[in-house]
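The values are calculated or read from the model by the stated rules, or taken from the named source; none is laboratory data. Every value quoted in this text rests on a predicted model; they were computed, and no experiment measured them. Here the Cβ is made from the backbone with ideal geometry for all residues, glycine too, and neighbour counts use every protein chain on show. Note: areas computed on protein heavy atoms with side chains; ligands, DNA, RNA excluded. Shrake-Rupley method; radii C 1.70, N 1.55, O 1.52, S 1.80 Å.
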Amino acid sequence: MIKKLVLTTFLGLVLWNTSLLAQDKRTTVFGVEMRTNALEIGAEYLSPMKDMKELFGEFSYGIAARYRFGITEHKSLLFSLGYEQFKGGKVQGYTPNTSYTTSLGLIPVKFGLHFKVIKTLYIAGETGVSISTGVPNYDKYGGANINDYKFSTVMFNFSPSIGFQLPLANKNHIDLSARYEGIADQGFKSLAGFRAAYALNISR
(Lines give C-alpha, C1' and ligand atoms only; values in the text may rest on other atoms or scores of the structure.)
Protein backbone atom coordinates (compact mmCIF):
# COMPACT_ATOMS: atom_id res chain seq x y z
CA MET A 1 0.00 0.00 0.00
CA ILE A 2 2.77 2.46 0.96
CA LYS A 3 4.79 1.54 -2.12
CA LYS A 4 1.80 2.16 -4.42
CA LEU A 5 1.03 5.50 -2.73
CA VAL A 6 4.62 6.72 -3.06
CA LEU A 7 4.90 5.67 -6.70
CA THR A 8 1.48 7.15 -7.60
CA THR A 9 2.32 10.47 -5.93
CA PHE A 10 5.74 10.60 -7.59
CA LEU A 11 4.35 9.88 -11.07
CA GLY A 12 1.56 12.41 -10.54
CA LEU A 13 4.05 15.15 -9.71
CA VAL A 14 6.15 14.28 -12.75
CA LEU A 15 3.14 14.45 -15.09
CA TRP A 16 1.86 17.65 -13.48
CA ASN A 17 5.24 19.28 -13.99
CA THR A 18 5.92 17.99 -17.52
CA SER A 19 4.72 21.06 -19.45
CA LEU A 20 6.77 23.42 -17.26
CA LEU A 21 9.93 21.34 -17.52
CA ALA A 22 9.53 20.90 -21.28
CA GLN A 23 9.89 24.67 -21.68
CA ASP A 24 12.82 24.90 -19.27
CA LYS A 25 15.66 26.70 -21.03
CA ARG A 26 19.15 27.68 -20.01
CA THR A 27 17.77 30.89 -18.54
CA THR A 28 20.20 33.77 -18.18
CA VAL A 29 20.30 36.84 -15.99
CA PHE A 30 22.65 39.54 -17.30
CA GLY A 31 24.22 36.89 -19.51
CA VAL A 32 24.90 34.42 -16.67
CA GLU A 33 23.28 31.01 -16.94
CA MET A 34 21.11 30.08 -13.95
CA ARG A 35 22.56 26.63 -13.47
CA THR A 36 24.36 25.33 -10.43
CA ASN A 37 26.10 22.19 -9.33
CA ALA A 38 26.18 21.00 -5.74
CA LEU A 39 28.04 18.43 -3.66
CA GLU A 40 25.73 17.05 -0.95
CA ILE A 41 27.03 15.19 2.11
CA GLY A 42 24.37 13.73 4.40
CA ALA A 43 23.23 11.27 7.04
CA GLU A 44 20.25 8.95 6.60
CA TYR A 45 17.67 7.32 8.83
CA LEU A 46 16.43 4.09 7.23
CA SER A 47 13.21 2.28 8.05
CA PRO A 48 13.11 -1.28 6.61
CA MET A 49 9.73 -2.50 5.37
CA LYS A 50 8.10 -5.96 5.22
CA ASP A 51 10.79 -8.64 4.59
CA MET A 52 13.68 -6.30 5.45
CA LYS A 53 11.94 -5.32 8.67
CA GLU A 54 11.54 -8.98 9.70
CA LEU A 55 15.25 -9.58 9.12
CA PHE A 56 16.82 -6.41 10.51
CA GLY A 57 14.27 -4.59 12.66
CA GLU A 58 12.54 -1.25 12.43
CA PHE A 59 15.38 1.18 11.83
CA SER A 60 18.92 1.45 10.46
CA TYR A 61 21.20 4.23 9.32
CA GLY A 62 23.36 5.32 6.44
CA ILE A 63 25.57 8.04 4.97
CA ALA A 64 25.63 9.30 1.41
CA ALA A 65 27.41 11.71 -0.92
CA ARG A 66 25.53 13.04 -3.95
CA TYR A 67 26.67 15.26 -6.81
CA ARG A 68 24.01 17.32 -8.56
CA PHE A 69 24.94 18.57 -12.04
CA GLY A 70 22.68 21.34 -13.31
CA ILE A 71 21.47 20.91 -16.89
CA THR A 72 19.08 23.86 -16.82
CA GLU A 73 17.60 26.09 -14.12
CA HIS A 74 15.12 23.41 -13.03
CA LYS A 75 16.63 20.10 -14.14
CA SER A 76 19.77 18.34 -12.89
CA LEU A 77 21.57 15.03 -13.21
CA LEU A 78 22.38 13.11 -10.02
CA PHE A 79 25.16 10.72 -9.07
CA SER A 80 25.22 9.29 -5.55
CA LEU A 81 27.34 6.91 -3.52
CA GLY A 82 26.49 5.78 -0.02
CA TYR A 83 26.67 3.18 2.70
CA GLU A 84 23.70 1.59 4.50
CA GLN A 85 24.08 -0.50 7.64
CA PHE A 86 21.37 -2.91 8.83
CA LYS A 87 21.63 -4.73 12.15
CA GLY A 88 19.01 -7.11 13.46
CA GLY A 89 18.44 -9.66 16.18
CA LYS A 90 20.12 -12.96 16.90
CA VAL A 91 19.81 -16.19 14.91
CA GLN A 92 20.59 -19.74 16.01
CA GLY A 93 23.87 -21.20 14.78
CA TYR A 94 24.50 -24.76 13.64
CA THR A 95 26.56 -25.44 16.74
CA PRO A 96 24.41 -26.02 19.88
CA ASN A 97 24.09 -23.08 22.25
CA THR A 98 25.52 -20.61 19.74
CA SER A 99 23.86 -17.54 18.23
CA TYR A 100 24.91 -14.69 15.96
CA THR A 101 23.73 -11.10 15.56
CA THR A 102 22.49 -10.49 12.03
CA SER A 103 23.82 -7.58 10.02
CA LEU A 104 24.14 -6.42 6.43
CA GLY A 105 26.01 -3.61 4.72
CA LEU A 106 24.95 -2.15 1.36
CA ILE A 107 26.78 0.30 -0.88
CA PRO A 108 24.21 1.95 -3.19
CA VAL A 109 25.53 3.49 -6.41
CA LYS A 110 22.83 5.45 -8.24
CA PHE A 111 22.21 7.79 -11.16
CA GLY A 112 19.11 9.90 -11.59
CA LEU A 113 17.23 13.08 -12.43
CA HIS A 114 16.28 16.01 -10.19
CA PHE A 115 13.32 18.30 -11.02
CA LYS A 116 12.46 21.52 -9.20
CA VAL A 117 8.70 21.84 -8.70
CA ILE A 118 8.95 25.25 -7.03
CA LYS A 119 11.93 27.22 -5.73
CA THR A 120 12.55 25.03 -2.68
CA LEU A 121 10.61 21.83 -3.48
CA TYR A 122 11.89 19.10 -5.79
CA ILE A 123 11.21 15.55 -6.88
CA ALA A 124 13.86 13.09 -8.00
CA GLY A 125 14.19 9.58 -9.34
CA GLU A 126 17.32 7.43 -9.09
CA THR A 127 18.27 3.92 -10.13
CA GLY A 128 21.41 1.83 -9.97
CA VAL A 129 22.83 -1.04 -7.95
CA SER A 130 23.27 -1.92 -4.28
CA ILE A 131 26.54 -3.75 -3.61
CA SER A 132 26.35 -6.09 -0.62
CA THR A 133 29.28 -6.29 1.78
CA GLY A 134 27.89 -9.63 2.92
CA VAL A 135 26.20 -11.07 6.00
CA PRO A 136 28.86 -11.98 8.63
CA ASN A 137 28.80 -15.64 9.79
CA TYR A 138 26.07 -16.50 7.25
CA ASP A 139 27.66 -19.92 6.67
CA LYS A 140 27.24 -20.64 10.41
CA TYR A 141 23.54 -19.78 10.60
CA GLY A 142 21.08 -22.55 11.38
CA GLY A 143 17.30 -22.67 11.26
CA ALA A 144 14.63 -22.78 8.60
CA ASN A 145 15.01 -19.15 7.52
CA ILE A 146 18.73 -19.26 6.72
CA ASN A 147 18.12 -18.52 3.01
CA ASP A 148 16.38 -15.26 3.90
CA TYR A 149 19.81 -13.88 4.80
CA LYS A 150 21.42 -14.82 1.48
CA PHE A 151 22.00 -11.65 -0.56
CA SER A 152 23.56 -11.31 -4.00
CA THR A 153 26.74 -9.29 -4.33
CA VAL A 154 25.13 -6.82 -6.77
CA MET A 155 21.39 -6.00 -6.72
CA PHE A 156 19.25 -3.62 -8.80
CA ASN A 157 17.70 -0.69 -6.91
CA PHE A 158 15.43 2.27 -7.60
CA SER A 159 14.30 5.16 -5.42
CA PRO A 160 11.81 7.99 -6.07
CA SER A 161 12.10 10.86 -3.61
CA ILE A 162 10.73 14.26 -2.65
CA GLY A 163 12.68 16.95 -0.85
CA PHE A 164 13.22 20.55 0.21
CA GLN A 165 16.22 22.81 -0.28
CA LEU A 166 16.61 25.37 2.51
CA PRO A 167 18.93 28.19 1.32
CA LEU A 168 21.98 29.30 3.30
CA ALA A 169 24.69 31.86 2.68
CA ASN A 170 26.86 31.68 -0.46
CA LYS A 171 24.15 29.72 -2.31
CA ASN A 172 24.79 26.67 -0.14
CA HIS A 173 21.74 24.93 1.32
CA ILE A 174 20.37 22.24 3.59
CA ASP A 175 18.71 19.39 1.71
CA LEU A 176 15.94 17.43 3.49
CA SER A 177 14.34 14.53 1.65
CA ALA A 178 12.28 11.37 1.99
CA ARG A 179 12.42 8.42 -0.38
CA TYR A 180 11.16 4.93 -1.08
CA GLU A 181 13.93 2.49 -2.01
CA GLY A 182 13.29 -0.86 -3.66
CA ILE A 183 15.93 -3.59 -3.90
CA ALA A 184 15.45 -6.56 -6.22
CA ASP A 185 17.15 -9.76 -5.06
CA GLN A 186 15.51 -13.20 -4.90
CA GLY A 187 12.25 -11.46 -4.25
CA PHE A 188 11.76 -7.81 -3.45
CA LYS A 189 12.97 -5.87 -0.41
CA SER A 190 12.15 -2.27 0.40
CA LEU A 191 12.77 0.55 2.86
CA ALA A 192 11.90 4.18 3.52
CA GLY A 193 14.77 6.63 3.82
CA PHE A 194 15.00 10.09 5.36
CA ARG A 195 18.06 12.20 4.60
CA ALA A 196 19.52 15.45 5.94
CA ALA A 197 22.43 16.81 3.91
CA TYR A 198 24.61 19.89 3.64
CA ALA A 199 24.92 20.98 0.00
CA LEU A 200 27.99 22.93 -1.10
CA ASN A 201 27.30 25.12 -4.13
CA ILE A 202 29.72 24.69 -7.02
CA SER A 203 29.10 27.45 -9.55
CA ARG A 204 30.09 27.23 -13.18
Legend entry - Calculated on alpha-carbon atoms, Rg and Dmax of the range 87-204 in Å: 19.1, 63
Legend entry - Rounded accessible area per residue of the range 71-200, 1.4 Å, Å²: 48
Inset, instruction - Work out, step by step, the length gained on full extension between Phe111 and Leu168: first 0.36 nm times the residue separation, then minus their alpha carbon distance; give nm to one decimal. - result: 17.9 nm
Inset, instruction - Provide the FRET efficiency to the nearest 0.05 for the Thr120-Tyr61 pair, computing r from the beta carbons and using R0 = 30 Å. - result: 0.70
Inset, instruction - Take each of the peptides 168-179, 86-97, average the number of other beta-carbon atoms within 10 Å over its residues, and list them starting from the highest. - result: 168-179, 86-97
Legend entry - Filter on Lys75/Lys171; Lys90/Lys140; Lys90/Lys150; Lys53/Lys116; Lys53/Lys87; Lys50/Lys87 - keep pairs with C-alpha separation over 22 Å: Lys53/Lys116
Legend entry - With DNA, RNA and ligands ignored, accessible area of Glu54 (1.4 Å probe; Å², nearest 10): 150
Legend entry - Positive-end residue of Ser190, Gly163, Leu200, charge dipole of the range 135-204 with Cβ unit charges: Leu200
Inset, instruction - With the Cα gyration tensor of the range 54-116 in hand, give its eigenvalues times 5 under a square root as the equivalent ellipsoid semi-axes, listed largest first in whole angstrom. - result: 40, 10, 7
